[in-house]
Structure formats: structure tokens, C-alpha cells
Amino acid sequence: MTDLDRADSAHSPPNDAGREQTDEKQAPPLLEATFVTGAAQWKQLPAAGPIEIAFAGRSNAGKSSAINALARRARLAFASRTPGRTQQINFFQMRCGAYAVDLPGYGYAAVTRKTKDVWQDFLWRYVTERQTLGALVLVVDIRRGISDLDRPVLEAFMRSGRPVLLLATKSDKLNVQERRRALAEMEKSLRVYDNAGVAGVTTVEFSATARRGIEAADRVIAGWVA
């Protein structure tokens, strides 16, 4: 089954057992998420507690739009007019108590090289050392595919055995055949890691504009924080 097929099947109506769940269980995990704090350095991170789900991606990959779509909010995560200008790790608490964590975008920023290096060092330390970080949502522009900047973050997570959700964003920019080809290329890239015997990745075709893939992503995240 291709990634596009999986994304399509993820939109299938729930079965009877699913309908019997309570409204609380059916609610999107990021619905009513609230901003808690931002951290620009390690000592400012919240004390270890609930599981954290990190959202990472290249600047301008659509990360803020994806978070807002999942939260059913217009401006929960701030999308800067200048990609890459978000300078801190932002924590949003979900109704279940878990944190959705918005990491600084990487790969582009109209700042000095020294400032950029500080951001990247902080991001890398969080991704590799944060004990309460339980899963990663990697946001990738479907038109660009998995980049050399995405790979180190992806590899670190997959080797740790922690789960990854790859959101192939901006799929509304491509037609059906183009989306199938793009997703097939991503899956081909991921097979390299599968052959190495490391954990896999769940890929969801996504568009905040077309409201595509939101429910599929909800289900993956809900499974992590259940």
C-alpha cells in the first residue's frame, strides 16, 4: 500500500466501535491546546513531566500552519513573515496534559551565523537529550522531499526507537499523480533506514489549506498520548 493509499484510507468513516467512544476520546488531541512557555536556552525548559511531542522541520515547510490546522485554531503557533525567525522552543499543553512542542525551523534565517548556530545547537540538544520527548512530527514540504537538513533529526529519532510522524505538507500544490510520485520518493528514501533495522516512520499526506490529512495525523498523535 502506498503512502497516498494509506492517507486516503485514514479518512474512512469510523467503525461502530469507534462511534461508541466518548466525545472526549474522539476530540482532536491538539484541540484547545494552550501556550505554556517558551525556552530560548536549556535552563528555561519546563521541568520533566508529561510526554512531549515535538514538531520539527525546515523553515517555510508549513510547520506553524500544520500545528494550527491540528489545533483547529488560526494562530496557536505563530508563522513569522520571515521564515526561520522563531528563536525559541514553544510549549503548548494539550487537554490530556501532554505537550506539543514547536521547535525553531532550521535551514533558513535572516540572522547572523553565530545566532543561527546557537539555535541549531539548542534544537539538537533538545532532540537528542530531552528525556520526556516521546515522539516527533517531522514536517516536510512534499514538493521538496526529505532534505539533507531533515535527515540528521530523522535518523537520531529512528535510531532511538521513538516514533516519527512525517507530515508531507503543501500537498494541495500538486495534482494527484504528482503527489503519488512525491510520496513514493519519500518512501524510497525511508527504506534505507528500514534496511538498517531501525524504527519506521508513519507518513501522512497533508495540507492545512485543503484540510487534507488532519484526521489521519490526529489518530497517530492520539495514539502517542493515550
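The values are calculated or read from the model by the stated rules, or taken from the named source; none is laboratory data. This structure is a prediction, so every number in the text was calculated from the model and none was measured. Every residue, glycine as well, gets a Cβ built from its backbone with ideal geometry; the counts of neighbours run over all protein chains shown. Ligands, DNA and RNA are excluded from the accessible area calculation, which covers all protein heavy atoms including side chains. Shrake-Rupley method; radii C 1.70, N 1.55, O 1.52, S 1.80 Å.
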Item checked: In region 1-50, residue modelled with the lowest pLDDT [restricted to those that are β-branched (Val, Ile, Thr) and open to solvent by 60 Å² or more (accessible area, probe 1.4 Å)] -> Thr22
Check: What about Val204, is it in contact with a strand residue (DSSP E or B) (Cβ under 7 Å, 6 or more places away or on another chain), under 12 Å from Arg58 (Cβ atoms) and either aromatic (Phe, Trp, Tyr) or surrounded by 19 or more Cβ atoms within 10 Å (Cβ to Cβ) (or both)?
Finding: no
Note to self: Please go through region 105-126 and give me each residue that is surrounded by 19 or more Cβ atoms within 10 Å (Cβ to Cβ) and either part of a helix (DSSP H, G or I) or at pLDDT 70 or above (or both), ordered by number.
What the structure shows: Gly105, Tyr106, Trp119, Phe122, Tyr126
Next item on the list: Can you tell me which residue within region 76-89, out of those that are closer than 17 Å to Ser59 by Cβ and either touching a helix residue (DSSP H, G or I) at 6+ places or on another chain (Cβ under 7 Å) or open to solvent by less than 20 Å² (accessible area, probe 1.4 Å) (or both), is modelled with the lowest pLDDT?
Entry: Gly84
Notebook entry, point to check: List the pairs whose first member sits in region 49-65 and is in a helix (DSSP H, G or I), whose second member is at pLDDT 95 or above and not basic (Lys, Arg), and whose Cβ atoms are under 7 Å apart, counting only residues at least 6 apart or on separate chains?
Noted result: Lys63/Phe55; Lys63/Val139; Ser65/Ala208
Next item on the list: Mind counting the residues in region 164-181 that are more than 14 Å from Ala66 (Cβ to Cβ), in a loop (DSSP other than H, G, I, E, B) and open to solvent by less than 50 Å² (accessible area, probe 1.4 Å)?
Entry: 1
Next item on the list: Name the one entry in Ala156, Ala210, Ala199 that is modelled with pLDDT under 85, loosely packed, with under 15 Cβ neighbours inside 10 Å, under 28 Å from Ala33 (Cα atoms) and of a type in the set (A, V, I, L, M, F, W, C).
Entry: Ala156
